[in-house]
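Participant: Here it is, the structure, as structure tokens.
The values are calculated or read from the model by the stated rules, or taken from the named source; none is laboratory data. Keep in mind the model is a prediction, meaning the values are calculated, not measured. We place every Cβ from the backbone using ideal geometry, glycine too, and count neighbours over all the protein chains shown.
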Amino acid sequence: MTELQTVVLLSLLLGLQPITTDLYLPALPGITASLGASVAQAQQTLAAMLFAFGVAQLFWGPLSDRFGRKPILLAGLSLYVAAALGCTFATSMAQLLGWRVVQGVALGASVMAGRAIVRDLHDPLAGAKLLSRAFSGLGLLACLSPLVGGATVRVLGWRATFFVLAVAGAITLALTWRIFRETLARRNPHALRPAALLQAWREVLGHRDFWIFTLLASSSYGGLFTFLASSSFIFINFYRFSPTEYSLVMLASATSYLCGTVLCRRLLGRFGLRRTVQAGGMLSCAAGVVMVILLLIGRGGPMGLLLPFCGFMIAHGIHQPCGQSGAVGAFPRAAGVASALSGFVMMSIAFLTGVVLGMLARDMPWPFAGLVAFWGAMLFVLAFAFVPRSRLVAGESAQAERAG
């Protein structure tokens, strides 16, 4: 594959995740009305999908280390298309929930393999730069998703949003079959043996850098998931936005993320990993603090939530490439397992965030602002107290000293 083909394919493989979550969000109120479900049941279609997505990666990762990335991608993407079609024709909330779980399992193969491919091809620092380019493509898809979702719901109804997901999966499947060349240089014939798998898990879970960078990416995603799980109800039900107006809210968020990925590449090239992550940590924390202060002084409103959250999303565009690349960087022979465990931790945190939201008034601004502020504070602590102690940053500093 050429470098451009690699970036395009990674953008699609990783971009299926925001497409799967963002595109159908404008349809959530319509789903509740059509299937006679509650708001909590509708939100479960997101939380359950993400939980299945996280757990499934634990199985896809060792399978990809054993058989290679391409067979796992072809199997997972085929299952994704089938699940999206199942959602399209679901006649009850139970059926829709079941197919969304299957869709989450299938999505795990795509995203897990995408992160592992980056480690197959590059060291962590170069991988972060490659991921930032791929996440720029992902950002473009995320920008289009709410617009396409809002227009689809308005013209064709909520079922058509899932058919669009089937089409997106089919396109990614076709391109993977056509242009992808296996990146795993040597398959691990022992990857599925229980003893070898446990040893790989111990190696990954016992490594400090894995936890530092996994928690960095996961905390950032915790803030994003707070938005995904509650924003449609806050803006449509509480602030009385139309689905089209809400799609513009999603567009602003996705555009901010896209800008963040571009900024990430610039910062990495000029300041290195530590300062780049710390810049993102300061922005994440400031966004949450500003959001809470505006609500406290009675100046919240839709813009009082959206504008600070756009700042959080710019930082998200910094944290994701750095966090996801750093989490798998120390494990060239077990990139699939490391990617899977990192993804599992991230989705577990998202699931727990959904549980917390479920216990609160999820269509009110305060729980949203409070959780975003919490994740912003976590990112600040990780960026300044833990990332500088990582082996990856120590190696970068040593390399810079030798070059100087």
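Participant: State whether the residues of the range 153-172 include one that is surrounded by 18 or more Cβ atoms within 10 Å (Cβ to Cβ) and within 20 Å of Gln320 (Cα to Cα).
Facilitator: The answer is no; no qualifying residue exists.
Participant: Right, something else. Buried (at least 24 other Cβ atoms within 10 Å of the Cβ) and either over 15 Å from the mean Cα position of the chain (by Cα) or not in a helix (DSSP H, G or I) (or both): which single residue out of Gly281, Gly272 fits that description? Walk me through how you get there before you give the answer.
Facilitator: Numbers: Gly272 fails: buried (at least 24 other Cβ atoms within 10 Å of the Cβ).
Within the list Gly281, Gly272, the selection yields Gly281.
Residue-by-condition table, conditions (1) at positive phi; (2) surrounded by fewer than 20 Cβ atoms within 10 Å (Cβ to Cβ); (3) modelled with pLDDT of 90 or more:
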residue: Val7; (1), (2), (3): no, yes, yes
residue: Leu14; (1), (2), (3): no, no, yes
residue: Tyr24; (1), (2), (3): no, no, no
residue: Ala40; (1), (2), (3): no, yes, no
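Participant: While we're looking at this one, here's another question. Cβ contacts < 8 Å: first residue over 15 Å from Leu147 (Cβ atoms), restricted to the range 158-172; second residue surrounded by fewer than 18 Cβ atoms within 10 Å (Cβ to Cβ) and aromatic (Phe, Trp, Tyr), any location; separation 6+ or different chain. Result?
Facilitator: As it stands, the answer is Arg159/Phe89, since those pairs meet every condition given.
Participant: I'm told Leu341 meets every condition in (1) in contact with a helix residue (DSSP H, G or I) (Cβ under 9 Å, 6 or more places away or on another chain); (2) at pLDDT below 90 except one. Can you identify the failing condition by its number?
Facilitator: It fails just one condition, (2).
Participant: Are any of the residues in the range 52-73 of a type in the set (Asp, Glu) and over 19 Å from Ala142 (Cα atoms)?
Facilitator: First pass over the range 52-73, keeping only residues of a type in the set (Asp, Glu): 65.
Retained after the next criterion (residues that are over 19 Å from Ala142 (Cα atoms)): 65.
Looking through the range 52-73, at least one residue is of a type in the set (Asp, Glu) and over 19 Å from Ala142 (Cα atoms).
Participant: Another one. Among the residues of the range 313-335, is any within 16 Å of the chain's Cα centre (by Cα) and surrounded by fewer than 19 Cβ atoms within 10 Å (Cβ to Cβ)?
Facilitator: Within the range 313-335, the first condition is being within 16 Å of the chain's Cα centre (by Cα), and the residues that meet it are 313-328.
Pick out the ones that are also surrounded by fewer than 19 Cβ atoms within 10 Å (Cβ to Cβ) and you get none.
No, that holds for no residue.
Participant: Confirm whether Arg193 is among the basic types (Lys, Arg) and over 30 Å from Arg391 (Cβ atoms). If you could, list the steps in order and put the result at the bottom.
Facilitator: Values: among the basic types (Lys, Arg): yes; over 30 Å from Arg391 (Cβ atoms): no.
The answer is no for Arg193.
Participant: Out of all the residues in the range 296-305, which are surrounded by fewer than 19 Cβ atoms within 10 Å (Cβ to Cβ), among the hydrophobic types (A, V, I, L, M, F, W, C) and not in a loop (DSSP other than H, G, I, E, B)? Give the derivation first.
Facilitator: Applying the first criterion (surrounded by fewer than 19 Cβ atoms within 10 Å (Cβ to Cβ)) to the range 296-305 yields 296-303.
In the following step, the residues that additionally are among the hydrophobic types (A, V, I, L, M, F, W, C) were identified as 296-297, 303.
Once the filter is applied, which keeps residues that are surrounded by fewer than 19 Cβ atoms within 10 Å (Cβ to Cβ), among the hydrophobic types (A, V, I, L, M, F, W, C) and not in a loop (DSSP other than H, G, I, E, B), the range 296-305 yields Leu296, Met303.
Participant: Condition test on Val355, is it farther than 19 Å from Ser390 by Cα, at pLDDT 85 or above and either part of a helix (DSSP H, G or I) or in contact with a Ser or Thr (Cβ under 7 Å, 6 or more places away or on another chain) (or both)? Write out each step before concluding.
Facilitator: Numbers: farther than 19 Å from Ser390 by Cα: yes; at pLDDT 85 or above: no; either part of a helix (DSSP H, G or I) or in contact with a Ser or Thr (Cβ under 7 Å, 6 or more places away or on another chain) (or both): yes.
No.
Participant: I need the full set of residues from the range 80-89 which are without any contact (Cβ under 8 Å) to a residue 60 or more places away in the chain and surrounded by 19 or more Cβ atoms within 10 Å (Cβ to Cβ), in order please. Don't jump to the end; show me each part of the working.
Facilitator: Here is the first cut: in the range 80-89, the ones without any contact (Cβ under 8 Å) to a residue 60 or more places away in the chain are 82-83, 86.
Ala83, the sole residue that qualifies.
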